[in-house]
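Below is one structure, written out as structure tokens; the observations come after it.
The values are calculated or read from the model by the stated rules, or taken from the named source; none is laboratory data. The shown structure was predicted, so the numbers you read here are calculated from the model rather than taken from an experiment. Methodologically, a virtual Cβ is constructed for each residue, glycine included, from the backbone with ideal geometry; neighbour enumeration extends over all protein chains shown. Note: accessible area is taken over every heavy atom of the protein model, side chains too, but ligands, DNA and RNA are not part of it. Shrake-Rupley method; radii C 1.70, N 1.55, O 1.52, S 1.80 Å.
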Amino acid sequence: MNATAIKDARRRLRGAWSSDKARTVQNWVFPKSVAAARLKTFREIFGKNTWRFARSVCYFEFDGLRSRAKYDILWADQWSVVVVFHLPDGERCYQLFFEEEYFYLAAGKAGNAEYFRRVDA
């Protein structure tokens, strides 16, 4: 385990990140069988999600609903970080990939990604 990379990733994550609807939808691939009305409803999900990373806790907000979870960084390099969130219903692990002032994570079943951009807290 590279302690320096984990320390750097923790510093890089610290702060607020907001779901970027335009960038996410631009890159999202929807099955052709999805009806237009359902597609519109699905696209409305993006852009409402904010994550704010503090030292050991992440604060989440989605469409006015707030929650928080302790987290640990399991692994990191200059391009990504593996984070485990300790949620009330169990643990969830995500690999977050850095790209300029964004990070993205795998979302959905088709290998799609949700993009988050850094915002003022």
Candidates Ile45, Ile73, filtered to the one that is surrounded by 15 or more Cβ atoms within 10 Å (Cβ to Cβ), of a type outside the set (Ser, Thr, Tyr) and more than 14 Å from Phe116 (Cα to Cα): Ile73
Scan the stretch 1-42 for residues that are part of a helix (DSSP H, G or I), open to solvent by 50 Å² or more (accessible area, probe 1.4 Å), at pLDDT below 90 and touching a Phe, Trp or Tyr at 6+ places or on another chain (Cβ under 8 Å) and jot them down. Asn27, Phe42
Note: among Ala3, Ala36, just one is farther than 26 Å from Lys70 by Cβ and of a type in the set (A, V, I, L, M, F, W, C), namely Ala36
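Of all residues being among the acidic types (Asp, Glu) and touching a strand residue (DSSP E or B) at 6+ places or on another chain (Cβ under 9 Å) in the stretch 76-99, which is nearest to Val119 (Cα to Cα)? Just the residue, please.
Checked the stretch 76-99; the qualifying residue nearest to Val119 (Cα to Cα) is Glu99.
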